[in-house]
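Shown next, in structure tokens, is the structure this report addresses.
Where a number appears in this text, it was derived from the coordinates with a stated rule and is not lab data. Remember, it's a predicted structure, so these values are computed and weren't measured experimentally. Cβ atoms come from the backbone with ideal geometry, glycine included; neighbour counts cover every protein chain shown.
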């Protein structure tokens, strides 16, 4: 048995009855006609028929239908990362990309250069001045909780800024760790999904070491993918993984419920809102289906309208795109409801659609309705807001411009709020991070700079 995911592999070997029901509606099975369920046990034990397993996985478009369809009660959320990581150990050059995407992209996405690009982007988009403001939270000392920001939130600075200010306003004693900023620190989930097992394990190990410097095992997570990875995948990778992972919405909902004084800080808005919550695939697969609902039910004069597809049955934005690309790509730009999430929200009489996942938020902003709505030629039929921005409104925090504004303003004042500014940053990061494979200059936090000056003075 190859390294990683031992518990999951043993569960498959022991309990799978090889009925094939989990792959009944599988795109990859229909494309390859390969009954993978009959070969999983032999593959996990002795890596038999690896070539056909690889062919099957390379046809996958990540629909996730199999994950909760087992009649024997097996939860299969870890199946794809397990298969991809075993394949990466058998074939060192293996890197997964969705079946309809050109295969060379698998190598690009697996490459460590991608994370050099990501680090450059995170450094370029968040100002040094704002980083310095939070250096006291990065100093490793005893804290009640650690807030691990993840990597993706820094690509959407308005959400990153607002999240930190929420934690500060609610007087939470938190330490701060930024994903892929000054250090190669990450939950590793995307790497495990793409088949980059070695690097994924390295950055996950780095993260655990950094968290333990704060003297706590309680970790607040904002990113849905981080939440899934750290609750479901990390315990399969690191044998001594013992952190308590809590999604930020759940942590804050519990805090407000227990503390009436903090709850009084929530101020009614000028309008009554009915929220449609678009559940994140990764968040609910990490076991959290109620945190955001518990939070929204405490907002003044607000209510929730459940969508037809919610919780474990939620529609996946990425799957909608991958399904449409080979057959009707123009629909993604011009069709009114190419991803039917907005329509479901409107059908439920909601007046705000809220995202719980950063990736979902970006995709919905870009492709959730059509190209005319995206670039501001037509008004969106229902506004889209991340849950963090919504909570910030009720706490009367400063409003900031985000991706929705960028997409509607190619050039504007101040220039940093324009789409062109973001594009130029992305090009610079691509040049230095990906093509030249450089890491950005490492900034010395204030607390380290102070210690360095003290050492010099005391000579």
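What do the square roots of 5 times the Cα gyration tensor eigenvalues come to for the stretch 248-312, in whole Å, largest first, as semi-axes of the equivalent ellipsoid?
22, 16, 7
Using the C-alpha gyration tensor of the stretch 340-436, what are the square roots of 5 times its eigenvalues, in whole angstrom, with the largest one first?
Details: eigenvalues 138, 54, 40 Å².
Equivalent ellipsoid of the stretch 340-436: 26, 16, 14 Å, largest first.
Give the separation of the Cα centroids, the stretch 143-173 to the stretch 208-238, in Å.
Cα centres, the stretch 143-173 to the stretch 208-238: 15 Å.
For the stretch 1-45, what is the largest minus smallest coordinate of the Cα atoms on each principal axis, given in angstrom and ordered from greatest to least?
Its Cα atoms span 29, 19, 14 Å along the three principal axes.
Grab every C-alpha pair in the stretch 45-103, bin the distances at 10 angstrom width from 0 up to the longest one, and report whole percents.
Bins of 10 Å from zero give 21, 50, 27, 2 percent of pairs.
Please work out the ratio of the alpha-carbon Rg of the stretch 127-232 to 2.2 N^0.38 Å and round it to two decimals.
Details: Rg = 13.3 Å, N = 106, 2.2 N^0.38 = 12.9 Å.
Output field value: 1.03.
Using only Cα atoms, what Kirkwood radius does the stretch 266-349 have, in angstroms? Before the final figure, lay out the partial values.
Details: mean 1/r = 0.0691 Å⁻¹.
Final number for the Kirkwood radius of the stretch 266-349 is 14.5 Å.
Tell me, what is a quarter of the convex hull surface for the C-alpha atoms of the stretch 270-409, in nm² with one decimal? Walk me through the intermediate numbers first.
Numbers: hull surface 34.0 nm².
Averaged projected area of the stretch 270-409's Cα convex hull equals 8.5 nm².
Taking only DSSP H segments of four or more residues, each worth -39500 (n - 2.57), what value at 222 nm results for the chain once the sum is divided by all its residues, to the nearest 500 deg cm²/dmol? Each step should come with its number before you reach the end.
On the way: 27 runs with 213 residues, N = 459.
Result for the chain, helices only: -12500 deg cm²/dmol.
Evaluate the relative contact order of the stretch 6-109 (contact order divided by residue number), counting alpha-carbon pairs under 8 angstrom at least 6 apart; express in whole percent.
Values: 114 pairs, mean separation 27.5, N = 104.
It rounds to 26 percent for the stretch 6-109.
Give me 322, 230, 83 sorted ascending by neighbouring Cβ count inside 10 Å, so fewest comes first. Walk me through the intermediate numbers first.
On the way: 322 19, 230 26, 83 23.
Fewest-to-most ranking of 322, 230, 83: 322, 83, 230.
Taking the Cβ of each residue in 299, 255 as the centre, tally the other Cβ atoms inside 10 Å and list the residues starting with the fewest.
Details: 299 21, 255 15.
Going from least to most buried by this count: 255, 299.
Could you give the C-alpha radius of gyration of the stretch 6-109 expressed as a fraction of 2.2 N^0.38 Å, taking N as the number of residues it contains? Don't jump to the answer; show the numbers that get you there.
Working: Rg = 13.0 Å, N = 104, 2.2 N^0.38 = 12.8 Å.
With N residues counted in the stretch 6-109, Rg over 2.2 N^0.38 Å equals 1.01.
Could you tell me the relative contact order of the chain? Use alpha-carbon pairs under 8 Å, at least six residues apart, and round to a whole percent.
Values: 740 pairs, mean separation 70.3, N = 459.
This gives 15 percent for the chain.
How many percent of DSSP beta bridges within the chain run antiparallel, rounded to 5?
Details: 0 of 21 bridges.
Approximately 0 percent, going by the DSSP bridge assignments.
Sort 26, 19, 360 so the one with the fewest other Cβ atoms within 10 Å of its own Cβ comes first. Show your work: numbers first, answer last.
Details: 26 21, 19 12, 360 27.
Least to most surrounded, the residues fall as 19, 26, 360.
Please list the radius of gyration and Dmax for the chain, considering alpha-carbon atoms only, with Å as the unit.
22.4, 72
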